[in-house]
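> Sharing a structure below in structure tokens format, with a few things to ask.
The values are calculated or read from the model by the stated rules, or taken from the named source; none is laboratory data. Keep in mind the model is a prediction, meaning the values are calculated, not measured. Methodologically, a virtual Cβ is constructed for each residue, glycine included, from the backbone with ideal geometry; neighbour enumeration extends over all protein chains shown. The area values use the complete protein model at the heavy-atom level, side chains included, leaving out ligands, DNA and RNA. Shrake-Rupley method; radii C 1.70, N 1.55, O 1.52, S 1.80 Å.
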Amino acid sequence: MSTDIETPTALLPGEMEVASLIVSALSLETRPEDIPPDEPLFGAGLGLDSIDALELALAISKAYGVQLRSDDERNHRIFSSLRTLTAHIEKHRAR
Amino acid sequence: MTGPEGCRLPLTARPASDVLCWRGGRAITVGRFLAEVAALAARLPDRPYAINLCTDRYRALLGFTAALSRGQVTLLCADRAPQRLRALAARFPHAHVVADGPVDTALPVLRPDSASPPAAEGETAPAPLIPAEQVAAIAFTSGSTGEPAAHAKPWGALVSGAEAAAERFALRASDGPPAAVVATVPPQHMYGFETTLMLPLHSAAAQVAGETFYPSDVAEALAAVPARRVLVTTPLQLRALLAAGTAPPPLAAIISATAPLSPALAEAVERAWDAPVLEIYGATEAGSMASRRTVDDPDWLPYRGVSLHPGGVTVAGLGPVPLADALEPTAAGRFRLLGRESDVVKLGGRRASLAELNRLLLAVDGVEDGVFLAPDDLESNPAARLSAFVVAPGRTAEDILSALRGRTEAIFLPRPVVLVPALPRDGLGKLPRRALLELRRAAVAR
């Protein structure tokens, strides 16, 4: 089913790519372009949980060669939004 | 060994020079630990309950044992959400908090690090003696709604369980070189509490202090400690570790719990890492009760001190405990798990009642009919989710989700939410499971 919600902020190409990865890796209902780039991915916001964190870490490592770590302030800084996650991936990506 | 009432058991009976913990590549001895426990205990506020939120296992252990030596009950809670802390504070008046991260609470908060400067090497204190019947901790089982149920853990039962686990997994001093336990489960979860706080006190194993969640954390933590290495984890984490493809350093054993491990995954891990995969059967109410090597035996061997009876188990130091699972005795003192007796589903180590979830769904504004469905592979696929079929004209799946969010734990939120014109109810108004599975198949294929 599709919704007619306007995307408030257009996603940058890198963000769109990571958003698509999130949606496909976690089988979400949301369309990638509907993920608000500045809202939390976990808890409120998109409502992801620790099972998703692990699945997502795996998908990110396969796609970009970036390993997520707990001492990277898990669920806080990097996962705080699509934008911060994308920035982290772009900074550390190996491929 | 638990004795008669009035019996007192030491905090630990390990020699002062034993390694109790590996932290940042450095060993913390039992002697230094006992000195730090005494120092922290002296600083604890005079309150009956301690909410221990520490993520670092050494700080969690210090907080737990300092509270114990002061006669305080530790509340095992990994959730630092302000509303959860407020609910705990209302239910257990005059609690205080032991934490190592930011906490939003009006309760007094003590940070083990700042409160207990490292004792000088060689400085030590005697191990306190704790009455076996003293309630050391309270663990909680989450309901899908309402107040979590509290389960009191007397010190004698915890010691008895740790000794039985040490014997079962060959972690006693007489079993070989001391082991280091790397774990991916929080110390506030009963399984993590038993294996990473109680086991180091009453076996010859050391805990590894740092937080390990992602595959790269686990690989680093394992590489930083000497053999024998033991990994304590869950089916979900094992699946991710195997998929990440990084071979860990040689392991003595991998221990899994919280959900049944599929024999195929157990075999794949054994083959890839050349180490036995052992499973613990446990429940928050009773603690760890039995174990098996998944590739060898579908049946579970009870721990010493655990015996079966109809409807549940009897646990040393705890007495009879009813269980949600049906257990059937098999050959050689083992038993087989026959599945759950109720409508309880378990996801990511948390439990919910399907009837309760359905009630929540029907209470959502605009929902005319609806039902949650647990997939067939719920017990074998660690990443499995519930789905929901909903009749709600004019509402979107996102509307339904946002209404449910906050009313149940995130892990039970349906994925997907499938909007349908009507549910396939039969003449009696019942929903045949086959018809629901058919709906789900159609939805997934969409």
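> I'd like the Kirkwood hydrodynamic radius of region B:12-85, using the inverse of the mean 1/r over distinct C-alpha pairs, in Å. Intermediate values should be presented prior to the final figure.
Details: mean 1/r = 0.0755 Å⁻¹.
One decimal place: 13.2 Å for the Kirkwood radius.
> In square angstrom, rounded to the nearest 10, how much accessible surface does B:Thr330 have for a 1.4 Å probe?
Near enough 40 Å² of accessible area.
> Students often get this wrong: which residues of region B:270-297 have the backbone nitrogen under 16 Å from the point 7 angstrom along Cα-to-C-beta of B:Arg172?
Under cut-off, by backbone N: nothing.
> As an exercise, use a Förster radius of 41 Å and the Cβ-Cβ distance of B:Asp369 and B:Arg26 to find the FRET efficiency, rounded to the nearest 0.05.
Numbers: r = 60 Å, r/R0 = 1.46.
Rounded to the nearest 0.05, the efficiency is 0.10.
> Based on a Kirkwood Rh over C-alpha pairs, give the Stokes-Einstein translational diffusion coefficient of the protein assembly as shown at 10 °C and viscosity 1.306 mPa s in µm²/s.
Details: Rh = 24.7 Å.
Estimated via Stokes-Einstein, D reaches 64 µm²/s.
> What ranking of B:Asp365, A:Asp38 comes out by heavy-atom accessible area, probe 1.4 Å, highest first?
Highest to lowest solvent-accessible surface, that is B:Asp365, A:Asp38.
> Still on this structure, please answer the following. Within straight cross-link reach of B:Lys430, meaning Cα distance under 29 Å, which lysines are found once same-chain residues fewer than 8 apart are removed?
Partners found: B:Lys346.
> If I require 27 Å or longer along the helix axis, counting alpha carbons, and a Kyte-Doolittle average no lower than 0.5, what helices from chain B are left? Use full DSSP H segments. Could you put the intermediate results ahead of the total?
Details: long enough: none.
For chain B, where a helix must reach 27 Å along its axis and average at least 0.5, there are no hits.
> In square angstrom, rounded to the nearest 10, how much accessible surface does B:Glu379 have for a 1.4 Å probe?
80 Å²
> Taking only protein heavy atoms into account and a 1.4 Å probe, give the accessible area per residue of the protein assembly as shown in Å².
On the way: 22790 Å² over 541 residues.
Accessible area per residue, the protein assembly as shown: 42 Å².
> Would you mind computing, in nm to one decimal, how far apart the modelled labels at B:Val391 and A:Ser20 are, each placed 7 Å from Cα along Cα→Cβ?
Output for this residue pair reads 3.9 nm.
> Moving on to the next point. Rounded to the nearest 100 Å², what is the sum over both chains of accessible area buried where A meets B, with a probe of 1.4 Å? It would help to have the intermediate numbers written out before the result.
Working: alone 5930 and 19230 Å², together 22790 Å².
For A against B, buried area totals roughly 2400 Å².
> Could you pull the Rg and Dmax for region B:8-340, using just the Cα atoms, both in Å?
That works out to 19.1, 55 Å for Rg and Dmax.
> Can you give the helix-only mean residue ellipticity at 222 nm for the protein assembly as shown, where every DSSP H stretch with n ≥ 4 adds -39500 (n - 2.57) and the sum goes over all residues, rounded to the nearest 500 deg cm²/dmol?
Helix-only estimate at 222 nm: -9000 deg cm²/dmol.
> Okay, next question. What is the percent carbon and sulfur in the accessible area of the protein assembly as shown, measuring with a 1.4 Å probe over the protein chains and ignoring ligands? Let's see the in-between values first.
On the way: 12530 of 22790 Å².
Accessible surface attributable to carbon and sulfur in the protein assembly as shown totals 55 percent.
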